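Reviewing the structure listed below.
The values are calculated or read from the model by the stated rules, or taken from the named source; none is laboratory data. Note that this is a predicted model, so its numbers are computed, not measured. Because the Cβ atoms are built from the backbone with ideal geometry, glycine has one as well, and the counts that use them run over all protein chains shown. In case anyone asks, the SASA skips ligands and DNA or RNA and just uses the protein heavy atoms, side chains included. Shrake-Rupley method; radii C 1.70, N 1.55, O 1.52, S 1.80 Å.
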2 protein chains.
Amino acid sequence: MGEPISVLCTPALVLDVDKVKINAQKMIDRYQKLGVQLRPHMKTHKTLECADIMTGGSRRCIVVSTLAEACFYADHGFDDILYAYSVPFDKVERCAALSERLDLFQVLLDHPDALELLRKRPLRDGGQWHTEGVELTGVYVHCGNTYSCRGVEQIHAVAQETIDLTLQFMEKLKAVGISCKSSIGSTPSCSHPVKDMAQLSEVHPGNYVFYDVQQSTIGSCSLEDVAVRVLTRVISHCPHRNQLLIDCGWTGISLDGAGKLPTGYAVIEGHPNLKLVSMTQEHGRVEPSSGQLDYSRYPLGSLLTLIPYHSCAAAAMHSVYHVHSGGRLVGKWMPTRGW
Amino acid sequence: MGEPISVLCTPALVLDVDKVKINAQKMIDRYQKLGVQLRPHMKTHKTLECADIMTGGSRRCIVVSTLAEACFYADHGFDDILYAYSVPFDKVERCAALSERLDLFQVLLDHPDALELLRKRPLRDGGQWHTEGVELTGVYVHCGNTYSCRGVEQIHAVAQETIDLTLQFMEKLKAVGISCKSSIGSTPSCSHPVKDMAQLSEVHPGNYVFYDVQQSTIGSCSLEDVAVRVLTRVISHCPHRNQLLIDCGWTGISLDGAGKLPTGYAVIEGHPNLKLVSMTQEHGRVEPSSGQLDYSRYPLGSLLTLIPYHSCAAAAMHSVYHVHSGGRLVGKWMPTRGW
């Protein structure tokens, strides 16, 4: 602790805790101001520490992507957990058991067969609309088409369309006597709320706590807001290919982002002319976008800093996140894994 | 134990232990017959159980891709470990420490600066050629260009070329008074040895113990030889998109194989008309190659079996492998991770 991040063996995933806190607080403030409940998604990081920061220490009102996450958070005092997944037929018993030890635990439902299943084994839970042991708590919309947006204007247009459709659907439900909550998600739309979002009950973004190159390309954030990096070192020179080898392969940053960026699978911080062109399990191949590599700038052992295309995918490859403040190590966070 | 694999919650990585043993034994027999030392690579599975099977119980003479693997195997009684990685400048001290508690521990070296580094902090080790505390044990060649082959004839041609170049290089070394071992790798070339391979000291394939769709496409094996599957379940029907949703996203099988197969990211066993077209973190989208999906064949909760494009990448996403014999569970293997 207290040592510079350069002491880490590589590849290593490092988190700037100050940026994490700023990203989280901005989202909290944004939805407090709008009067909409923020239900942060845990899928990007899957750690207790980050969940505390995202919930402002309340440990209430979160979304998870796996039942393993739900159990992990429940085991550590979190409650009001939404398992945002079409109720999996093989996990109904585990879901029901979890619901019995929490104040609030909900699952998604998108098919009449799933309703039948839940009628046979209802979860213990609160909510508004009741049908033979199953209660409809709300309508959950992802708004994932914001990921093809470029810039705030396009994000606003997609968000507005999603909200309009959601509100129309809520009206139809109301017309048949059902009134319940509504929630939309996606980091792009929740980073740039439109006014009508205030008519929803909840929002459920998740990636924003780290952000990544993809989000900066969409326009959710600037590259400076990205809290996550993968540290890597030069391990070999390949002058016959005009390439460097680095010690980050797809086990260190994932294969997400293929073909998406002019700089390859990541942005190499401070070296805009370098491109991460391909990876094997434990090697990355780096070459200049143009010209010849000046190998004297990249001696063996020298450190490079990768900004991941997709932080959820990069984080999923690591069992430890190294946390720093101003480049000095302050802790390690351990994510949960599995299903 | 003893239960059918269908009791597993999904996604789950399952291994057919009988196929694992057959794949391992065939490789052992092949190189015993050829009089060449087999040094199996651990990077695909990273487990003790599979390492025992691949070494025929000797726990000697293995290759690893990370120092974490090297330490894991050393901690469990394995020895004669080759860390097949250009000696990483940040891990020299850990390498040296490991060398001091093993009979044989070697690293790769491909740059004069790395030689300088090792001269300052030599590893304790055996070998033939000696220069100020650093001994050259052998020449290591990957033969990775076999991965673009289709069929045994092409594999043979690439293997022959690699062996010829390697032997020419050994001759040049001999001419300056250096005689040492030689080793080539890659599962395709080692699954179909050419006669001249007998002139090498060692081979170091790894993937063969699981094989995968990629290897069957190259011609290393048949699809029936593949020992690994990812079990998944149907979680939703999307008739408006003519798609099924399954509970295997890229956290369950990785993004490796994009654009490589007519059936998408995997082969869906027994359903040649189905294609895994895309994945998010926890969802896979499956559609027919042609025609309309017959949803009555795929009720919610029904099990599908994915044969991974790349077993190394699929295995890397799992912290437990479920091992079965004839479809009945017989154990769990836990891989090591990290660096």
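With all protein chains kept in place, the per residue accessible area of the protein assembly as shown amounts to 39 square angstrom at a probe of 1.4 angstrom. DSSP finds beta bridges in the protein assembly as shown, and of those with both partners inside it, around 60 percent are antiparallel. In summary, the helical segments of chain B meeting the span-like criteria, namely a full DSSP H run, a Cα extent along the axis of 20 angstrom or more and a mean Kyte-Doolittle hydropathy of at least -1.0, are B:17-34, B:152-175.
Converting phi to 3J(HN,Hα) with the Karplus coefficients 6.51, -1.76 and 1.60 and the offset θ = phi - 60°, segment B:228-244 yields 10, 9, 10, 7, 8, 10, 5, 10, 6, 10, 10, x, 5, 10, 6, 10, 9 Hz in sequence order, with x at every glycine or proline. Buried accessible surface for the A/B pair, both sides summed and rounded to the nearest 100, is 3400 Å² with a 1.4 Å probe.
The DSSP beta bridges internal to chain A are antiparallel in roughly 60% of cases. By a straight-distance test (C-alpha under 17 Å), which aspartates and glutamates pair with B:K33 as possible cross-link partners, with residues fewer than eight away in the same chain excluded? By straight Cα distance, B:K33 reaches B:D196, B:E202. Applying 1/(1 + (r/R0)^6) with R0 = 30 Å to the Cβ-Cβ distance of B:A68 and B:R124 gives a FRET efficiency near 0.90. Quick one: grab the alpha carbon gyration tensor of segment B:19-209, order the square roots of its eigenvalues as a ≥ b ≥ c, and give me rounded if a/c is under 1.5, else prolate or oblate depending on whether a/b is larger than b/c. Oblate, because a/c is 1.5 or more while a/b does not exceed b/c.
If you plug the beta carbon distance of A:S319 and A:S179 into 1/(1 + (r/R0)^6) with R0 = 41 Å, you get a FRET efficiency near 0.40. Ranked from shortest, the separations from the 7 Å Cα-to-Cβ label point of A:V152 to its equivalents in the other copies are 6.5 nm. Across peptide A:237-248, the average count of Cβ atoms from other chains found within 10 Å of a residue's Cβ is 1.
Peptides A:280-288, A:139-147, A:297-305 ranked from most to least packed give A:280-288, A:139-147, A:297-305, packing being the mean of other C-beta atoms within 10 angstrom over each peptide's residues.
Legend: calculated FRET efficiency, A:L303 to A:H111, from the Cβ-Cβ distance at R0 = 45 Å, rounded to 0.05, equals 0.35.
Full extension of the segment from B:H240 to B:C9, taken as 0.36 nm per residue of separation minus the current Cα-Cα distance, would add 80.4 nm. Peptide B:88-94 is shielded by partner chain Cβ atoms: per residue, an average of 5 of them sit within 10 Å of its Cβ.
When the Cα convex hull of chain B is projected onto planes of every orientation, the mean area is 18.1 nm². Remark: label point of A:N273 defined 7 Å out from Cα along the Cα-Cβ vector; separations to the same position in other copies 5.6 nm, ascending.
The accessible surface of segment A:185-304, taken with every protein chain in place and a 1.4 Å probe, is 51 percent carbon and sulfur.
Distance from the axis that maps chain A onto chain B is least for the Cβ of the chain A residue given, with the whole Å value, as A:L255, 2. Which aspartates and glutamates have a Cα less than 12 Å from the Cα of B:K43, not counting those fewer than 8 places away in the same chain? Partners within reach: A:E282, B:E69.
Summary for B:A175: label point 7 Å along Cα→Cβ; distances to the equivalent points in the other copies, ascending, 8.8 nm. Counting only protein heavy atoms and using a 1.4 Å probe, the accessible area of B:V158 comes to about 20 Å².
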